[in-house]
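The values are calculated or read from the model by the stated rules, or taken from the named source; none is laboratory data. Not measured: the values here are computed from a predicted model. No Cβ is skipped: glycine too gets one built from the backbone with ideal geometry, and neighbour counts run over all protein chains shown. Note: areas computed on protein heavy atoms with side chains; ligands, DNA, RNA excluded. Shrake-Rupley method; radii C 1.70, N 1.55, O 1.52, S 1.80 Å.
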Amino acid sequence: MAKKKATSMDVAREAGVSQATVSMILNKKYNVSFSKETIRQVTEAAEKLDYHLPKQRIRRSAKSRKLLVVFCPTLTNPYYVMLLQGIEAMAKEYGYGVFVCNTQRDLKIEENYLRMMREVQPLGIIYACNPSFSRQVAELSGEIPVVVISNRDDEFSIDAVALNNQKPGILMARHLLELGHRDVAFIAPPLTARQHQRQKRVGGFLMEFEKAGLSDHVLVRSAADSKDTEIPNIESEYRMGYDLTVELLREGQRVTAIAALNDMMAFGAMDALLERQYRIPGDISVVGCDNTLFSRFHTIGLTTVEHFVDQKGRDACDIILRKIESQKSYRKGDEPTSIYHIEYEPRLIVRGSTGYVPDESNHEKKKK
């Protein structure tokens with residue numbers, strides 16, 4: 001006849017303590033203190049009776065949980081908040097949860113998150129960071145459905161929701177040229193090598209002025225590269241726009257319009273101008289990009305570029321869900337190869353922050 005297995009109640013009787021005490025000591029719950037003697041009695045009783053803690057029930061496999069992961073470079077810019085809203089709205093419709101990896105533009109943090117993915121085992125990944133780890137992301141896409149939200153020219157041969165980042169710059173430049181602006185400035189966050197989507201937007205803007213024979217009439221001002229290594233806060237890009245505009249005004253060069261890489265920088269530029277008694281757009285026009293919620297609620301409505309951020313998030317999530325469903329219909333390795341690619345045409349939204357170039361004599365008086 002098989003020997004009956006000892007229970008925690010048997011250990012408690014042998015040690016002369018309560019069953020709860022046995023459980024806490026053997027599970028090493030140190031939020032309650034026990035004397036060395038009590039700990040000794042319990043451990044010796046457990047050894048004597050050959051008692052072992054029952055194996056904990058193995059948690060449900062991560063693969064069985066309806067979890068999606070989103071890689072996001074920052075949550076301080078409304079652009080990424082809008083993107084996440086689109087993703088989460090679609091995910092919720094189909095009963096999926098969303099876990100956000102906010103990399104804070106820190107490559108080490110991003111690399112650590114990427115390493116964790118094989119352990120976390122989400123059903124899909126939406127990658128909205130700069131492609132600093134293209135190889136790692138491509139490798140993951142062979143194991144887990146991955147969708148990249150990126151610039152159209154990025155070197156990814158996987159599913160993507162893209163934007164040709166030259167096009168917003170082109171739209172901003174054409175608008176200002178049509179209004180008669182010839183002496184303009186473009187302000188941007190750091191234009192470091194890994195921030196090539198920013199460089200594309202600036203490049204599109206400069207290209208249009210070059211076509212008009214006015215390449216020497218554009219002042220490009222960007223924040224110091226060191227700003228990209230700082231942990232961003234809620235006003236980081238606003239402050240960059242503000243400070244760069246103040247610097248431009250101190251230089252004293254003729255500028256009748258300021259184009260900002262994104263809306264947050266444009267808001268900073270507008271406040272810097274208004275504080276110094278410049279009229280917008282009477283003295284200087286301002287144009288941004290992203291059509292964030294605040295662009296229509298600012299005291300002066302911001303002219304900006306709409307590129308359908310919320311819908312990009314929904315489409316990225318939709319692609320992931322299609323891939324997941326496809327996997328259910330095939331054995332591992334037999335799935336059909338399909339590359340989804342969605343691209344939106346940006347659209348200029350004209351509001352009150354841009355107008356025709358001011359009379360030159362009035363502008364010179366304002367400078368003085």
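Below, the figures for the structure above:
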| item | result |
| --- | --- |
| Selection from segment 283-303 of residues that are open to solvent by less than 30 Å² (accessible area, probe 1.4 Å), in a loop (DSSP other than H, G, I, E, B) and within 17 Å of Tyr356 (Cα to Cα) | Asp283, Ile284, Gly288, Gly301, Leu302 |
| Residue that is surrounded by the most Cβ atoms within 10 Å (Cβ to Cβ) [pool: residues in segment 304-331 that are among the charged types (D, E, K, R) and touching a residue at least 24 places away in the same chain (Cβ under 8 Å)] | Lys312 |
| Some residue of segment 144-155 being of a type in the set (S, T, N, Q) and under 18 Å from the mean Cα position of the chain (by Cα) | yes |
| Selection from segment 138-165 of residues that are in contact (Cβ under 8 Å) with a residue 60 or more places away in the chain and assigned to a loop (DSSP other than H, G, I, E, B) | Pro145, Arg152, Ser157, Ile158, Asp159, Asn164 |
| Filtered residue count, segment 171-188, keeping only those that are in contact with a Pro (Cβ under 9 Å, 6 or more places away or on another chain) and part of a helix (DSSP H, G or I) | 1 |
| Which numbered condition Gln104 misses (of (1) at pLDDT below 95; (2) at negative phi; (3) not charged (D, E, K, R)) | (2) |
| Segment 65-88 - residue that is in a strand (DSSP E or B) and over 27 Å from Asp228 (Cβ atoms) and, of those, farthest from the chain's Cα centre (by Cα) | Leu67 |
| Neighbours by Cβ (under 8 Å, 6+ apart or cross-chain): first from segment 166-186, at negative phi; second modelled with pLDDT under 95 and among the acidic types (Asp, Glu) | Lys167/Glu345 |
| Selection status of Ala91, part of a helix (DSSP H, G or I), buried (at least 22 other Cβ atoms within 10 Å of the Cβ) and more than 13 Å from the chain's Cα centre (by Cα) | yes |
| Candidate set from segment 168-202 (those that are open to solvent by 20 Å² or more (accessible area, probe 1.4 Å), at pLDDT below 95 and of a type outside the set (Lys, Arg)); member that is farthest from Asp283 (Cα to Cα) | Ala193 |
| Residue in segment 268-282 that is buried (at least 20 other Cβ atoms within 10 Å of the Cβ) and either hydroxyl-bearing (Ser, Thr, Tyr) or not in a helix (DSSP H, G or I) (or both) present | yes |
| Unmet requirement for Asp154, which otherwise passes all of (1) of a type in the set (Asp, Glu); (2) out of contact with any helix residue (DSSP H, G or I) (no Cβ under 7 Å at 6 or more places or on another chain); (3) farther than 24 Å from Ser215 by Cβ; (4) modelled with pLDDT of 85 or more | (4) |
| Hey, Gly213 open to solvent by 30 Å² or more (accessible area, probe 1.4 Å) and part of a loop (DSSP other than H, G, I, E, B) or not | yes |
| Verdict on Ser33 being modelled with pLDDT under 85 and over 30 Å from Lys328 (Cβ atoms) | yes |
| Residue satisfying all of: in segment 218-267; part of a helix (DSSP H, G or I) and polar (S, T, N, Q); most open to solvent (accessible area, probe 1.4 Å) among these | Thr229 |
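Here is a yes/no grid of residues against (1) in contact with an Asp or Glu (Cβ under 6 Å, 6 or more places away or on another chain); (2) at pLDDT 70 or above; (3) assigned to a loop (DSSP other than H, G, I, E, B):
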| position | (1), (2), (3) |
| --- | --- |
| Gly333 | no, no, yes |
| Pro336 | no, no, yes |
| Ile342 | yes, yes, no |
| Glu345 | no, yes, yes |
| Gly352 | no, yes, yes |
| Gly355 | no, yes, yes |
| Glu364 | no, no, no |
